[in-house]
Amino acid sequence: MDTAQIDAMVKQHGGDSSALVALLQEVQKKEGFLPRKALSSLSQKLNLPLSRLYALATFYRSFSLVPTGRHKVCVCLGTACHVRGGQAILNRLEHLLGVPAGSTTGDKEFTLDTVRCLGCCSLGPIVRIDDEIFGKVTQDKLSKVLASQRKAAETAKLKGSSTQAKGSKV
Amino acid sequence: MNSQTGIASEDALQRWKEKGLRTISPEIPKVTVGLATCGLATGAQAVFDALAEEFDKASFKAILAGTGCVGFCQMEPIVEVFRPGQPRVLYKQMNAEKAQQLAADIISGKVNKPLAMCTVDGYPGVRPSQRIEGVPRLEDLPFYQKQKKIVLGRCGRIDPDSLAEYIATGGYLTLWRVLKDLKPNEIIDQVERSGLRGRGGAGFPTGTKWRFTRKAAGDKKFIVCNADEGDPGAYMDRSLLEGDPFAVLEGMTIGACAIGAVEGFIYVRDEYPLAVERFQRAMSQAREQGLLGKNIMGTDLCFDIRLIRGGGAFVCGEETALIASIEGRPGEPRQRPPFPAEKGLWGRPTNINNVETWANVPWILSHGADSFRQVGTETSKGTKVFSIVGKINNTGLIEVPMGLTLREIVYDIGGGIPSDKKFKAVQTGGPSGGCIPEQLLNLPVDYESLTQAGAIMGSGGMIVMDEDTCMVDIARYFLDFLKEESCGKCTPCREGIARALEILNRICRGGGKAGDIETLEAIGRMMKGFSLCALGTTAPNPLLSTIRYFRDEYEAHILDRRCPARVCRELIRFRIVADKCIGCGACAKVCPQKAITGEKKKPHTLDEGNCNKCGMCYEVCKETAIQKE
């Protein structure tokens, strides 16, 4: 995000402190994480110490200071999902993607993460891929869903479409 | 946005009501698909698209609309079909293929009985429909029989984006009458007399809280809707915001009038994008019609609401942490008093209620405090919404009168435990609550009984556990959750959770020692007594309640190095039963350790030395040839 975009954002949300979390959310949404450069511009613009933004960025779970993959795979570990085998689903995903929860695959395609409840408890276990929620996930279903995601990603790559990596200079 | 263009008279409300009735009971067929998050997660969008396509192909004239959640999540995706002059029918567990069949039947005017779940009566204020032979009525289904809907009445029935449908079902008439006829103190009297208590968990009398804030000195007052629904297993607030956002809005506006607040906030969990979207749409429609903003309904009342998205921190459900978060700081709680009613947002008097509490307000003022008091028990009035989830047949969102027993909820409404397994416990109140065992199933559900049993009402999540759930693992699970979510400000909570979790992890790994249980109890008592906020004082509840009711399971782990529910990895082993194994190879394929080998169509073998007990083989085996012992 350049300075002009930051300025526009601040103008839209207002510069008072109650807008801070919303501003960070917007950066996170646009960039997929909170790049240091954006945080610096924001702190200058708002005339706040960078440490103040850093405190928020590290306190709240929805922020990341490192780049994330193009797709975010999130396993629900809420209580209802836990008693219905959410952990086994996570184990399988760690195996399928080859990375532990909280990290990103080497090809930057997927970030695997966990969440404590998506509020779809009646359909557990739940997995969310980007904005789509999958209910009553089974081991079989999981491989299929992931395969179709991979395939879509491959096709997109071949076509050279918009899913290509964003510039991620930290 | 001025009173001339907005809704500012009984006539205007009447016009909107008629407009709403025209879409609720139109002159052409209407098909409604449940498009709340749970519906969408089971493929409701595909159902919607399939219906649209079929209608389009046949050039069939019908209204196709979306709605919230009717609560019976197990049956999602649910479709409601209305034909003028005929009963409304709900169809269950739809998919794109079934939707094609259903579309054909709708076009030819038939009821598809095999797919039908029930018929459903009209709406509040709309004439009830007749019956159809062979299709039960909604209220005859065991899931709905004991329910009473005060706050969920509109969810899944009206289009949550339609202000007209909200008004058609009685909405905003209450606000109009309140603004016209009642003084702020009289509103508070009504709420106080109704006996409404906070639905977010602690159960503080709502009217009393309002009066504190009303009386507090301050140049500006705020009200807040706490929609940071963080208890895992509870989703009533999401469902309400997705299914009936105007009710929350109207409740808050009535509250603002009573308390004298000029600005309101709604703090919504980041994980609920659809709830955010729907509530925002509701707010902008309300503003357009003069129901929010300056001179509401043409009166002197000026009140507006800002929506804040949470950052994903469980502790922000605690009111002082929530205030810190709205003010743009990390969500760390502070000492009370002063209570938010005196010093809340930016040091000004602030009244915080949760979503369900606000949604009760319009009903209380339209039906009267006495009608509300008639529902429930001596100390807990009205209804409560619960999500019944986990190991239970009928999962979903229910609203029942306070005082119903756990047994009625689990067995009569919930239909018992799947696969003939044995009931073990029901967990209420999330990470602040406790596990209630079978011997207490006759406990009436009200604030006091649950607290006495070592649990709490909480926001209403009820997670049912069967014999396959390990109670030591559950205590470990909640402390693991709380370890991440404790803000770390006070030592009893931060260190208490960490030390208790260390001991539990050790017990689950087979390293339990005599005296561990007593140490855990001592840590729990310390946390209860000395933590700064409710997160810390209630954090030991899952631990202490499982020790209280399931001490034998702890002892089995510690003394016998055995996990009776066969959950704790280090205390169990996996085995392939050769007689049952058909050699399909599914287990070998998923084993991350490559510990399973064998030829196709011949019994496989498991190298136990190499097995990391992840349990994936157990999950995929369709022949139950893999056993845990």
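Just a few scattered comments:
- Full extension of the segment from A:D107 to A:H13, taken as 0.36 nm per residue of separation minus the current Cα-Cα distance, would add 30.3 nm.
- Hits among lysines - C-alpha to C-alpha of B:K384 under 20 Å, sequence gap 8 or more where chains match: B:K146, B:K148, B:K149, B:K209
- Electrostatic dipole magnitude of the protein assembly as shown [Cβ: Lys, Arg +1; Asp, Glu -1; Cα centre; debye, to 20]: 1020
- Förster-model FRET efficiency, 30 Å R0, B:K589 and A:A156, C-beta, rounded to 0.05: 0.60
- For B:62-74, mean number of other protein chain Cβ atoms within 10 Å: 1
- Taken residue by residue and averaged, Cβ atoms of other chains lying within 10 Å of the Cβ of A:120-132 number 6.
- Ordered from longest to shortest, the equivalent ellipsoid semi-axes for segment A:29-116 are 31, 16, 8 Å, each the square root of 5 times a Cα gyration tensor eigenvalue.
- Peptides B:325-331, B:402-408, B:299-305, B:603-609 ranked from most to least packed give B:325-331, B:402-408, B:299-305, B:603-609, packing being the mean of other C-beta atoms within 10 angstrom over each peptide's residues.
- Inter-label distance for B:R561 and B:S366, nm, one decimal - labels placed 7 Å from Cα along Cα-to-Cβ: 6.5
- Each listed q (0.09, 0.10 Å⁻¹) maps to a log10 I(q)/I(0) for segment B:22-145, found by the Debye formula over equal Cα scatterers with no solvent: -0.21, -0.27.
- Violating pairs (Cα-Cα greater than 23 angstrom) within the set A:K30/B:K294; A:K141/B:K483; B:K183/B:K221: A:K30/B:K294; A:K141/B:K483
- Potential lengthening of the chain between B:E495 and B:D552 amounts to 17.9 nm, from the contour at 0.36 nm per residue minus the alpha-carbon distance.
- Charge tally in the Cβ shell below 15 Å around A:Q139, where Lys, Arg are +1 and Asp, Glu are -1, A:Q139 excluded: +3
- Within 10 Å of each Cβ in A:72-81, the average number of Cβ atoms from other chains: 6
- Distance (nanometres) between label positions extended 7 Å along Cα→Cβ at A:A55 and B:Q101: 6.1
- Applying 1/(1 + (r/R0)^6) with r as the Cβ-Cβ distance of A:T3 and B:D56 and R0 = 45 angstrom yields a FRET efficiency of 0.40.
- Label-to-label distance for B:E608 and B:F530 is 4.5 nm, based on points extended 7 Å past Cα in the beta-carbon direction.
- Eligible aspartates and glutamates near B:K628 by straight Cα distance, threshold 13 Å, same-chain separation 8 or greater: B:D468, B:E570, B:E608, B:E619
- Judged by the mean number of other Cβ atoms found within 10 Å, the most tightly packed of the peptides B:363-376, B:503-516 leads the ranking B:363-376, B:503-516.
- The slack between B:V262 and B:N185, meaning 0.36 nm per residue of separation minus the straight C-alpha distance, is 26.1 nm.
- Packing-based order for A:37-43, B:108-114, using average beta carbon neighbours within 10 Å, highest first: A:37-43, B:108-114
- Scattering profile of the protein assembly as shown at q = 0.06, 0.07, 0.09, 0.11 Å⁻¹ [log10 I(q)/I(0), Debye over alpha-carbon scatterers]: -0.39, -0.53, -0.91, -1.39
Coordinate-derived values only; no laboratory data. None of the values given here were measured: they were computed from a predicted structure. Note: ideal-geometry Cβ built from the backbone for every residue, glycine included; neighbour counts use all protein chains shown.
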